[in-house]
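Report on the following structure.
The values are calculated or read from the model by the stated rules, or taken from the named source; none is laboratory data. No experiment lies behind these values; they were computed from the predicted model shown. Note that we place each Cβ from the backbone using ideal geometry, even for glycine, and neighbour counts take in every protein chain shown. These accessible areas exclude ligands, DNA and RNA; they are computed on the full protein's heavy atoms, side chains included. Shrake-Rupley method; radii C 1.70, N 1.55, O 1.52, S 1.80 Å.
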Amino acid sequence: MIFFRSILKKELPFFFACPALLWQTLFLYLPLFGLFIYSVTGYSDVTKSFYFTAFYYKQIFNITFFRIILNSFYLALFSALICLVVAYPIAYFLVLKVKKRYRTFLLVSLILPSWTSLIVQIYAWMFLLEKDFIGLFLYKLGFISQKFHLINNYFSIMLGTVYCWFPFMVLPLYAVLDRMDKKLLEASADLGASRFETLKNVVLPISKPGIIVGFLLVFIPVFGEFAIPIL
């Protein structure tokens, strides 16, 4: 009995992880495996049988598809970089400048729009851009001499991807910076480092894992994004 208890105690985390592993296997790995099999096989109406083919992979080197892939890469890269540039100061401000009792409220306020359906978010931005509220506002203030078109271009696509995937950049950065020992900042200041030097030599190296995770969490989905560009 003691032996079984020790085994159960030792393997308890694995038992709790089993449902998640089963779910991931059934709804992620098996569909991916089926998609891979479909990508390397074809069906002959003559022989009524399946055969191996690399036709779909050869299409990657077709100039048309290659441009599409390259275009998607640039869109994902710049979207991730914009999210990083905007999210890092916000995460830094939340961790170091805001009192703990207010952080949760502000963090939830940042990620609250992501609880809404992605399609609803896109249509909301489509309505704002079609009505040209931004261009009209800038025109009235005198920042531009004539109103400009804000939809069905790279600007609108970039705006949509940054808005929808922005929370996935903030959360990893916030998590890493929140675990940072604040005494390191005091030690850096005591040694005569400026705020910029502290940011460069202390904060940035510590937040590197959050930057990498956040960048990948934005870059990978945007690279395969379909709904935002097509709408």
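Kindly provide the Kirkwood hydrodynamic radius of the stretch 27-107 in Å, to one decimal, from all pairs of distinct alpha carbon atoms. The partial results should precede the final answer.
Working: mean 1/r = 0.0571 Å⁻¹.
After inverting the mean inverse Cα-Cα distance, the result is 17.5 Å.
Would you tally the net charge around residue 179, using a Cβ to Cβ cut-off of less than 14 Å, leaving residue 179 out, and scoring K and R as +1, D and E as -1? Display every interim value, and only then the final one.
Details: positive: 100, 103, 182, 183, 208; negative: 178, 181.
After counting each charged neighbour, the total is +3.
Using 0.36 nm per residue of separation minus the Cα-Cα distance, give me the extension gain between residue 32 and residue 182 in nm, one decimal.
On the way: separation 150, 0.36 × 150 = 54.00 nm, distance 4.36 nm.
Stretched fully, the residue 32-residue 182 segment lengthens by 49.6 nm.
Could you give the length gained on full extension between residue 175 and residue 117, defined as 0.36 nm per residue of separation minus the Cα-Cα distance, in nm?
Values: separation 58, 0.36 × 58 = 20.88 nm, distance 2.47 nm.
My answer for the length gained is 18.4 nm.
Starting from the Kirkwood Rh over alpha-carbon pairs, what translational D in µm² s⁻¹ does the chain have by Stokes-Einstein at 10 °C and 1.306 mPa s?
71
Quick one: accessible area per residue over the chain, 1.4 Å probe, rounded to a whole number of Å²?
Working: 16810 Å² over 231 residues.
Computed with neighbouring chains in place, this is 73 Å² per residue.
Mind listing which trypsin sites (Lys or Arg not before Pro) in the stretch 143-231 are in a DSSP loop and have 14 or fewer other Cβ atoms within 10 Å?
Details: sites: 147, 179, 182, 183, 195, 200; in loops: 147, 179, 182.
For trypsin sites (Lys or Arg not before Pro) across the stretch 143-231 that sit outside H, G, I, E and B with at most 14 neighbouring Cβ atoms in 10 Å, the list reads 147, 179, 182.
What percent do you get for the relative contact order of the chain when only Cα pairs under 8 Å and 6+ apart count?
Details: 154 pairs, mean separation 55.2, N = 231.
The value is 24 percent.
At a 10 angstrom cut-off on C-beta neighbours, averaged per residue, how do the peptides 106-119, 155-168 rank from highest to lowest? Mind dumping the intermediate values first?
Working: 106-119: 12.4, 155-168: 20.4.
Result, highest mean Cβ count within 10 Å first: 155-168, 106-119.
Note down the nm distance, to one decimal, between modelled labels 7 Å out along Cα→Cβ at residue 81 and at residue 136.
Once both label points are built, they end up 3.4 nm from each other.
Using Cα pairs under 8 angstrom and six or more residues apart, how large is the relative contact order of the stretch 93-224, in percent? Please list the in-between numbers first.
Details: 76 pairs, mean separation 32.4, N = 132.
RCO, the stretch 93-224: 25 percent.
Translational diffusion coefficient of the stretch 54-183 at 10 °C, 1.306 mPa s, Stokes-Einstein with Kirkwood Rh over Cα pairs, in µm²/s as a whole number. It would help to have the intermediate numbers written out before the result.
On the way: Rh = 17.7 Å.
Answer from the Stokes-Einstein relation: 90 µm²/s.
Ignoring ligands, DNA and RNA, what percent of the 1.4 Å accessible area of the stretch 14-54 is carbon and sulfur? Before the final figure, lay out each step's value.
Values: 2810 of 3570 Å².
The C+S portion of the solvent-accessible surface of the stretch 14-54 is 79 percent.
Relative contact order for the stretch 22-133 using alpha-carbon pairs under 8 Å, separation at least 6, rounded to a whole percent? Mind dumping the intermediate values first?
Numbers: 29 pairs, mean separation 10.7, N = 112.
Relative contact order for the stretch 22-133 comes out at 10 percent.
Label-point separation (nm) for residue 189 and residue 127, each offset 7 Å from Cα along Cα-to-Cβ?
With each label point 7 Å from Cα toward Cβ, the separation is 4.6 nm.
May I ask for the net charge around residue 99, where only other residues with Cβ less than 14 Å from the Cβ of residue 99 are counted and Lys, Arg are +1 while Asp, Glu are -1?
Working: positive: 97, 100, 101, 103, 182; negative: 178.
Result for the neighbourhood of residue 99: +4.
Tell me, in nm to one decimal, what length is gained between residue 230 and residue 208 on full extension, where the rule is 0.36 nm per residue of separation less the Cα-Cα distance? Write out the running numbers ahead of the final one.
Numbers: separation 22, 0.36 × 22 = 7.92 nm, distance 3.36 nm.
Additional length available on full extension: 4.6 nm.
Could you list the residues of the stretch 166-188 with an amide nitrogen less than 20 Å from a label point located 7 Å from the Cα of residue 72 in the Cα-to-C-beta direction?
Residues 166 qualify, since their backbone N sits under 20 Å from the label point.
Can you count the Lys pairs in the chain with C-alpha separation below 25 Å, eight or more apart or on different chains?
Step by step, the pairs that qualify in the chain add up to 20.
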